[in-house]
Amino acid sequence: MRMPGMRQHNQMPIGETQGKKRDILLRLIKLVLKHYKFSLLTVAVCIIITAVTTLASTLFTRTLIDDYIVPLTQTAHPDFAPLAHTLFKLAAVLVVGVICSYAHNRLMINVTQGTMLRLRTDMFQHMERLPISYFDTHSHGEVMSTYTNDVDTLRQMINQSMPQALNSLITISITMASMVVLSVPLTLVSLVMALIMAWTTTWLGKRSRRHFKVQQQRLADVNGFIEEMMTGQKVVKVFCHEQEAIEQFEHINEELRGSTYNANRIANIVMPVNGNLGHLSYVLIGVVGAALILGGQVSLTLGTLVAFLTLNKSFARPIAQVSQQINSVLNASVGAERVFRLLDQEPETDHGTVTLVNAMEASNGVLIPVPHRTNMWAWRIPGQDSKKPQFVKVDGGVEMDMVDFGYTPDKQVLFDIMIHAMPDQKIAFVGGTGAGKTTITNLINRFYDIQDGRITLDGIDVQDISKPHLRRSLGMVLQETHLFTGTVLDNIRYGRLDATDQDCIEAAKLVNADGFIRRLSNGYQTVLSGDGGNLSQGERQLLAIARAAVADPPVLILDEATSSIDTHTERLVQRGMDSLMKGRTTFVIAHRLSTVRNADCIIVLERGRIIESGTHDELLELRGKYYQLYTGRDI
Ligand SMILES: Nc1ncnc2c1ncn2[C@@H]1O[C@H](COP(=O)(O)OP(=O)(O)OP(=O)(O)O)[C@@H](O)[C@H]1O
Ligand SMILES: [Mg+2]
């Protein structure tokens, strides 16, 4: 069971510098700009127009009071026409402002959603190119949360923080300029108050961010715990640990509440404090302004003072907002960093140029490539220096020559592996748990690259074969079966996407899976979900074997393919598999030695080394490890 507080999630690693955060943000901005230059330019123009129209309407109060309302009160026969005309102009300005504001919001939705779409696609495409070793070292939950939580922090930042920051900066600059024009002394008062507000917000923000980081960490802990408890629910029940799980959850849940409380406690003070400072600033300007008017300051009229008071409000708000937005941008940079970390992972390298093609034998015995399926395959070896390509028949002969391998540089798993599998032969691997059987098969299809030695397929180094083509030539039934959400038929068709329904049913019949499939509620159309959770282990394995059968590959690798099948079904499957294996090289890994008896060569592995090899009879005669495993007797 996992311990609380183990996961690092949505957290900037310790020692992260401001410079790195800046680089991440610049990269994100570049990414958005790359595809949406024109949209963002339009958004900037719209924001400027909106800010100008807001300012214009504010300044209008001065004209309204000084030029229209005050004179109207002083004439006996007031003429309302000029006032109506001006009000109409103001309405027009406001309408322009509203249209620009609407356009900016609409465009930003496009930009944000488009960027998210591209990011998710880029991430997925990149993920599909990553080597298997990446998935060995990253939990599913961690990769999943990059697609959801981290991408979402970017959404908020691109959609809200960036345009708001631009809006605030523009508003601050033009409001400030207008305030200076209206009255320098009042501007000074306003500026002092604004600085106090900015300082308070930054100070409180810094303190709240410390708690916010803890909150994100605790949130990740809660998410991780729930995820793990859901996948491990059966184990929890088997060992009756429900109560412990609840207690552990309550503990981390309480920690999350505490840290969220702290973060919000401080963050929630910012608004009221700023609000009150804003009121104070309003009163101060009112008092100073009134004093100046009473003191006979000619340039300061009543209208100017009213306009200034309104401007002061629109000045204070963005100042407080900018600090808040900086906080949210810094938080988003944590998410961006995790997204980029995934995108920057080194993809699987593939320098192979040899490809797999459908072929036909011409009357003179020469192989020629054809575009349609012929059930005969050839390796196309590109000719060097404009020479014609060569075609070599795919026979499925596999050789391993002094192969050394380790998943990590510090721990070697396989030592000097020598295997000579002739076309059509059945090679079996036996050996104890962790001996290296699965590892050997993972090297043939290049899930991992070897450290030393050479592996060839039909005499061609597997390093020279393009990976997708190499893997297409190898049919694998993996040790862990995986079924996708979809019908039984779709799952079998996964082996070869252009297979017809009939091909899939034939394949199922061949491996004796047809019987159980027909007994399912909807036969071949039964929908499987949750990795085929509604099937038994044996049934899942039968489907996996049928999937390999429909692919019809020249080389078959069956890793413990029959381990969960009862002895009766196993005999049926064995018969099916024997016909499936006919005409192809097959590697079989099985714990049940009865299934490997008829192999052409049995290879016995122990701690990563081949200790014996030969036929069943030869190995029994040898009275070594195989004899011991087979008979259960000590030597
Ligand atoms: N992804 C991996 N990363 C690091 N080490 C691994 C990885 N997979 C396997 N190993 C290690 O390599 C060794 C060989 O493992 P392998 O899976 O090949 O054994 P196996 O013979 O197939 O065993 P089993 O019969 O239990 O399936 C083991 O010591 C195992 O711990
Ligand atoms: Mg294994």
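What follows is calculated from the coordinates using simple rules that are stated; it is not laboratory data. For clarity, every value in this text was computed on a predicted model and none was experimentally measured. Ideal geometry is used to build each Cβ from the backbone, glycine not excepted, and the neighbour counts take in all protein chains shown.
Looking at the chain, send over the antiparallel percent of its DSSP beta bridges, to the nearest 5.
Taking every DSSP beta bridge with both residues in the chain, the antiparallel ones total about 60 percent.
Quick check: the distance between the Cα centres of segment 230-271 and segment 154-198, to the nearest angstrom?
The two parts, judged by their Cα centres, are 41 Å apart.
Output the peptides 366-376, 405-415, 178-188 sorted from most to least packed, where packing is the average of other Cβ atoms within 10 Å over each peptide's residues.
Ranked by mean Cβ neighbours within 10 Å, highest first: 178-188, 405-415, 366-376.
For segment 67-77, what does the Karplus curve 6.51 cos²θ - 1.76 cosθ + 1.60, with θ = phi - 60°, yield as ³J(HN,Hα) per residue in whole Hz, taken in order and with x for Gly and Pro?
Once rounded to whole Hz, the list reads 9, 10, 5, 4, x, 4, 6, 9, 10, 6, 10.
On a full-extension model of 0.36 nm per residue, what is the gain between Thr63 and Thr567, subtracting their alpha-carbon distance, rounded to one decimal in nm?
Roughly 171.8 nm would be gained on extension.
Amide H of Thr487 versus every other amide H placed in the peptide plane: which residues, excluding those fewer than 5 positions away on the same chain, fall under 5 Å?
Amide H neighbours of Thr487: Leu528.
Based on DSSP H runs of at least 4 residues, each adding -39500 (n - 2.57), what is the mean residue ellipticity at 222 nm of the chain after dividing by all its residues, to the nearest 500 deg cm²/dmol?
-19500 deg cm²/dmol
Just to verify a number: FRET efficiency for Leu90 and Ile269, C-beta to C-beta distance, R0 = 41 Å, to 0.05? Could you put the intermediate results ahead of the total?
Values: r = 38 Å, r/R0 = 0.92.
About 0.60, to the nearest 0.05.
Run the quick spin-label model on Ile29 and Met144: label points 7 Å from Cα toward the beta carbon, then report their separation in nm to one decimal.
In this crude label model, Ile29 to Met144 measures out at 3.6 nm.
Quick one: what are the phi-derived ³J(HN,Hα) couplings along segment 619-630, Karplus 6.51/-1.76/1.60 with θ = phi - 60°, whole Hz, x for glycine and proline?
Each residue's phi maps through the Karplus curve to give 5, 5, 5, 5, 6, x, 4, 4, 4, 5, 5, 6 Hz.
Compute the FRET efficiency between Arg575 and Leu191 as 1/(1 + (r/R0)^6), taking r as their Cβ-Cβ distance and R0 = 60 Å, and round to the nearest 0.05.
Computed FRET efficiency for Arg575 and Leu191 comes out at 0.10.
If a cysteine in the chain has no other Cys Cβ under 4.7 Å from its own Cβ, put it on the list, ordered by number.
Among the cysteines of the chain, those whose Cβ sits 4.7 Å or more from every other are Cys240, Cys504, Cys601.
Anything in the chain that counts as a DSSP H helix reaching 18 Å or more along its axis (C-alpha) with Kyte-Doolittle mean of at least 0.0? List them, would you? It would help to have the intermediate numbers written out before the result.
Values: long enough: 18-63 (50 Å, 0.77); 81-128 (70 Å, 0.54); 162-182 (30 Å, 1.44); 184-231 (67 Å, 0.18); 242-294 (77 Å, 0.22); 302-343 (61 Å, 0.60); 537-551 (22 Å, 0.36); 567-581 (20 Å, -0.65).
Result, helices passing both filters: 18-63, 81-128, 162-182, 184-231, 242-294, 302-343, 537-551.
Along Cα→Cβ, 7 Å out, is where each label goes; now give me the distance between the ones at Gln384 and Ser299 in nm to one decimal.
That separation, rounded to one decimal, is 8.4 nm.
Taking each pair of different alpha-carbon atoms in segment 194-243 once, compute 1/r for the pair, average those values, and report the inverse of that mean as the Kirkwood hydrodynamic radius in Å to one decimal.
13.8 Å
Where does the Debye-calculated log10 I(q)/I(0) of the chain sit at q = 0.12 Å⁻¹, using only Cα point scatterers of equal weight, no solvent?
-1.30
Roughly how many nanometres apart are two label points built 7 Å out from the Cα toward the Cβ at Glu506 and Val181?
Modelled inter-label distance: 8.4 nm.
Cross-link partners among lysines for Lys509, C-alpha distance below 26 Å, same-chain residues fewer than 8 apart left out?
Filter leaves Lys426, Lys582.
Could you work out how much longer the chain between Asn105 and His77 gets when fully extended? Use 0.36 nm per residue separation minus the Cα distance between them, nm to one decimal. Write down the numbers at each step before the final one.
Values: separation 28, 0.36 × 28 = 10.08 nm, distance 4.65 nm.
Residue separation times 0.36 nm, minus the Cα-Cα distance, leaves 5.4 nm.
Between Arg518 and Asp461, what FRET efficiency comes out of the Förster formula 1/(1 + (r/R0)^6) with R0 = 41 Å and r the beta carbon distance, rounded to 0.05?
On the way: r = 45 Å, r/R0 = 1.10.
The calculated FRET efficiency here is 0.35.
So who's got an amide H within less than 5 Å of the one on Val394, skipping anything under 5 residues away but keeping other chains? H placed 1.01 Å off N, in plane.
When sequence neighbours closer than 5 places are left aside, the close amide H contacts are Trp377, Ala378, Trp379.
Would you pull out the residues with amide H under 5 Å of Glu606's amide H, same chain only if 5 or more places away, H placed 1.01 Å from N?
Ile611
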